[in-house]
1. Tally Lys/Arg at +1 and Asp/Glu at -1 over every other residue whose Cβ is under 13 Å from the Cβ of PRO161; what's the total?
2. Please work out the Kirkwood hydrodynamic radius for the range 1-139, using every pair of different C-alpha atoms, and report it in angstroms with one decimal place.
3. With θ set to phi - 60°, apply the Karplus curve 6.51 cos²θ - 1.76 cosθ + 1.60 along the range 272-280 and write out the HN-Hα couplings as whole Hz, x wherever there is a Gly or Pro.
4. Return the sequence-ordered ³J(HN,Hα) values of the range 244-255 in whole Hz as given by the Karplus equation 6.51 cos²θ - 1.76 cosθ + 1.60 applied to θ = phi - 60°, using x for Gly and Pro.
5. I'd like to know which of TYR107, ILE141, PHE189 lies farthest towards the positive end of the charge dipole of the chain, counting +1 on Cβ of Lys and Arg and -1 on Cβ of Asp and Glu.
6. Which value at 222 nm does the chain reach when only helices count, each DSSP H run of 4 or more adding -39,500 (n - 2.57), with the total divided by all residues and rounded to the nearest 500 deg cm²/dmol?
7. Summing +1 for each Lys or Arg and -1 for each Asp or Glu, what net charge is found among the other residues whose Cβ lies under 11 Å from the Cβ of ARG29?
8. Within the chain, how many Lys pairs sit with Cα atoms under 25 Å apart, leaving out pairs fewer than 8 places apart on the same chain?
Amino acid sequence: MSDWQEYPARISTLGEDTVIRRLLPHRQRRMIGAWCFLDHAGPVQFAKGKGLHIGAHPHIGLQTFTWMLKGEIIHRDSLGNEQAIRQGQVNLMTAGNGISHTEDSHYEGDSLHTAQLWIALPDSHRHCPPRFEHYPDLPTIAIGNNQLTLLVGDYEGVQSPVMVHTPLFGADLYSPDGGNFRLTLNLSFEYGLMILEGDIQLEHSALTGCTLYYQPPGIESLSLVMQPGSRALLLGGEPFQEAIVLWWNFVARSQEELQGAVDDWNSNNEARFGHMLSGSPAAKLKAPTLENVLLKTSPG
């Protein structure tokens, strides 16, 4: 893997037993295209009476993208949507100027395995009205004995229905029986690769599930050797050309914007963040104090 850059995940635990691997942002690699956040959660089997519960919290300037691998989560938001997401489905929430939502395990004692991502909205769309879409069916492409589920963008004439606002690519790569998995890539895109489960080799080197593998624009193809039942997530996009500020649950362009969002959320400004549906047992989250030193991402 002579020219693939490696960025180790930050490991944390959500609740009592849900392991989270945070791969984006990384101090050395903030974004891949407009993808600006990536958490790989699980797999975990919750104990009886336990589950994932994330209380009401806000977003601005981004899209939340949930790819469900196992389990079932209920999404509720301030637009009045209540939607279960199950294995093989995507939830896409466009925050625009402001939205709030909750996420809860549908059944206590259920399992959970998911990838949670954020997509930074370009300046032309980041103040748009909020919206939510559920995608129960994603196109799949057979590549030899392997399967590519097209999450975002297009591949070999097939288009994902997921609506994004910059040139992006996202695919779940699954090999039920094992073997070689070769893909043609877009020369103008940068790419990130991570293992979701199983054993995979790239250029004769074993990959680890706690690392993001990055390739700048210019790569023509990707060849993997995948063991039976292995799965990977491949992300790509044109390098994002706007400097963003990412802090807590917000993507903005300045500290003043962030402070305004914090003040609106903590003062219960429903004109901006709406009125949350009831149903989640988790308490509403309060925005932490905004720090002076922020994580700023430059173009590219």
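1. My count for the surroundings of PRO161 gives -3.
2. 15.9
3. Whole-Hz 3J(HN,Hα) from phi for the range 272-280: 9, 9, x, 10, 6, 5, 7, x, 7.
4. Once θ is set to phi - 60°, the couplings for the range 244-255 become 10, 10, 10, 8, 6, 10, 10, 10, 9, 10, 7, 5 Hz.
5. Farthest towards the positive end: TYR107.
6. Roughly -1500 deg cm²/dmol at 222 nm, from the helical runs in the chain.
7. Here the charged neighbours net out to 0.
8. 6
Bear in mind that the values in this text are calculations on the coordinates, not laboratory data. Source: prediction; values computed, not measured. Cβ coordinates were reconstructed from backbone atoms using ideal geometry, including for glycine residues, and neighbour counts include every protein chain displayed.
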